[in-house]
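See below for the structure under consideration.
The values are calculated or read from the model by the stated rules, or taken from the named source; none is laboratory data. Quantities reported herein were computed from a predicted structural model and do not represent experimental measurements. FYI the Cβ positions are ideal-geometry reconstructions off the backbone, even for glycines, and counts take in every protein chain you see.
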Ligand code: MN
């Protein structure tokens with residue numbers, strides 16, 4: 001497997017001349033995530049986040065590597081994702097140079113915009129969105145609620161389970177979520193009703209952005225899979241649990257999940273994540289080894305990421321009273337039974353073609369204990385254990401006006417920490 005290498009762009013001592021960049025909690029010069037933004041009332045363009053600023057890459061194309069030139073004037077990252085990984089690496093090297101060497105700042109300053117003054121968009125035109133289910137604690141917790149006697153089905157430890165989601169309803173952070181109507185049936189009711197969901201939930205996930213794809217009928221070998229990953233965002237797979245419980249058998253999730261999916265707009269690149277790679281945790285004694293098409297020694301040694309994932313909650317009343325958001329959970333991203341490379345290799349293993357800009361959700365990432373559960377379904381045990389807010393309000397599922405924000409940081413000894421920005425949205429009432 002060809003993994004991106006650690007180089008001087010990751011050096012913790014590297015400084016930037018851009019104000020606010022040094023020691024920035026999310027976007028120091030070691031990060032350099034790509035995104036799509038609009039400066040006030042102007043057309044969408046590609047940028048890179050540095051400190052509290054975004055750099056307009058289209059404006060700098062004449063001093064950036066020529067191989068990326070065409071891709072950098074597009075209104076989305078699809079063409080950049082489609083380039084060979086080495087071209088994105090060359091772009092990163094040059095950006096790191098331009099943003100660290102103050103003798104080069106003159107050319108860059110006119111292309112800097114304060115992030116607070118721009119609108120961030122979806123990073124790519126998403127052709128297809130697939131959501132996986134690789135958080136084994138989540139799968140076990142949810143399995144217990146839906147099937148107490150049979151929580152983890154026998155295929156789970158062999159197959160990276162997934163379903164095809166809906167690309168059209170993926171939205172960037174900040175866009176409100178309208179509470180969906182749907183069919184739900186109480187256990188003791190004879191027939192379902194069609195009403196606004198009463199059990200609206202979030203799911204803490206990572207989103208994988210597909211880089212170069214594969215032709216229909218060909219596969220992506222596990223040893224090459226990480227080269228097909230452009231980067232990672234945070235993803236919230238909003239879920240209507242009452243609708244889900246009634247509709248999910250026999251074909252899986254459908255309207256309970258496709259009404260809205262939120263992603264964080266910055267793509268933290270595979271190159272930026274190189275220092276934060278860790279070994280995939282060993283499988284518990286007695287679990288089967290991955291089948292050969294999903295097994296790569298280097299992927300097992302370096303295919304997981306050292307990330308801390310957090311979920312933050314605020315109700316309308318909490319915001320009115322000026323209260324800080326409440327942290328609902330915090331935990332590592334290492335509770336994934338399958339690596340990102342295994343997800344990609346499995347998706348293409350039947351000859352299904354992936355395309356640049358496709359989005360793959362990891363599935364809800366929960367830890368083994370309630371402090372690190374990645375959904376309300378788990379935190380409140382299906383609504384049975386509501387929790388109390390600082391305002392005295394209680395919650396078992398999301399109410400209108402509630403806001404969920406997911407954040408994350410990558411860390412490694414002797415390295416700068418880097419972040420992902422926000423994956424945030426507020427719940428709006430169902431229209432009459
Ligand atoms: Mn999900």
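Checking the stated criteria, residue 7 turns out not to satisfy the condition of being surrounded by 14 or more Cβ atoms within 10 Å (Cβ to Cβ), free of Cβ contacts under 8 Å to residues at least 24 places away in the same chain and farther than 18 Å from residue 264 by Cα. Output the residues belonging to the stretch 368-381 that are away from the ligand (no atom under 16 Å from the Cβ) and under 24 Å from the mean Cα position of the chain (by Cα). Hits for the stretch 368-381 are 368, 369, 370, 371, 372, 380. Going by the structure shown, is residue 330 surrounded by fewer than 23 Cβ atoms within 10 Å (Cβ to Cβ) and more than 27 Å from residue 272 (Cα to Cα)? No: the conditions fail for residue 330. Pairing each residue of the stretch 305-316 that is not assigned by TED's automatic domain parsing to the domain that holds residue 418 with any residue that is surrounded by fewer than 18 Cβ atoms within 10 Å (Cβ to Cβ) and assigned to a strand (DSSP E or B), provided the two are 6+ apart or on different chains, yields no C-beta distance under 6 Å.
In the stretch 239-248 there is at least one residue matching the filter, namely being at pLDDT below 95 and either over 24 Å from the mean Cα position of the chain (by Cα) or assigned to a loop (DSSP other than H, G, I, E, B) (or both). Residues of the stretch 167-217 that are within 16 Å of the ligand (Cβ to nearest atom) and part of a loop (DSSP other than H, G, I, E, B): 180, 197, 199, 202, 203. In the stretch 198-225, the residues that are assigned by TED's automatic domain parsing to the domain that holds residue 290 reach residues that are at pLDDT below 95 and away from the ligand (no atom under 14 Å from the Cβ) with C-beta atoms within less than 6 angstrom, at least six apart or across chains, in these pairs: 223/1. For residue 357, the test of being out of contact with any strand residue (DSSP E or B) (no Cβ under 7 Å at 6 or more places or on another chain), on the phi > 0 side of the Ramachandran plot, more than 16 Å from the ligand (Cβ to nearest atom) and outside any helix (DSSP H, G or I) is failed. Residues in the stretch 218-238 that are surrounded by fewer than 19 Cβ atoms within 10 Å (Cβ to Cβ) and not in a loop (DSSP other than H, G, I, E, B): 223, 224. On inspection, residue 124 does not qualify as modelled with pLDDT under 95 and outside any helix (DSSP H, G or I).
Would you mind finding the one in 16, 69, 38, 20 that is at positive phi and either without any contact (Cβ under 8 Å) to a residue 40 or more places away in the chain or in contact with a strand residue (DSSP E or B) (Cβ under 8 Å, 6 or more places away or on another chain) (or both)?
Numbers: 16 fails: at positive phi; 69 fails: at positive phi; 38 fails: at positive phi.
Every option except 20 fails the conditions.
Residue count for the stretch 333-346 satisfying the condition of being within 15 Å of the ligand (Cβ to nearest atom) and over 13 Å from residue 278 (Cα atoms): 3.
Taking the criterion of being near the ligand (Cβ under 10 Å from one of its atoms) and in a helix (DSSP H, G or I), the only residue of the stretch 128-141 that qualifies is 138.
When the residues of the stretch 254-268 are filtered to those that are touching a residue at least 12 places away in the same chain (Cβ under 8 Å) and over 19 Å from the mean Cα position of the chain (by Cα), which remaining residue is surrounded by the fewest Cβ atoms within 10 Å (Cβ to Cβ)? Of everything passing the filter in the stretch 254-268, 255 is surrounded by the fewest Cβ atoms within 10 Å (Cβ to Cβ).
To keep it simple, each residue is scored yes or no on (1) crowded, with 21+ Cβ neighbours inside 10 Å; (2) over 21 Å from the mean Cα position of the chain (by Cα); (3) closer than 18 Å to residue 375 by Cα.
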| site | (1), (2), (3) |
| --- | --- |
| 134 | yes, no, yes |
| 140 | no, yes, yes |
| 154 | no, yes, no |
| 168 | no, no, no |
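Pairs are defined by a Cβ separation below 7 Å, a sequence spacing of at least 6 or placement on different chains, a first member in the stretch 102-125 that is closer than 24 Å to residue 268 by Cβ, and a second member that is exposed (fewer than 12 other Cβ atoms within 10 Å of the Cβ); the pairs so defined are 117/40. Filtered by the rule that a residue be out of contact with any helix residue (DSSP H, G or I) (no Cβ under 9 Å at 6 or more places or on another chain) and either within 16 Å of the ligand (Cβ to nearest atom) or modelled with pLDDT under 95 (or both), the stretch 250-274 gives 250, 251, 252, 262, 263, 264.
Restricting attention to the stretch 156-166, the residues that are out of contact with any helix residue (DSSP H, G or I) (no Cβ under 8 Å at 6 or more places or on another chain) and either within 30 Å of residue 283 (Cα to Cα) or outside any loop (DSSP other than H, G, I, E, B) (or both) add up to 5.
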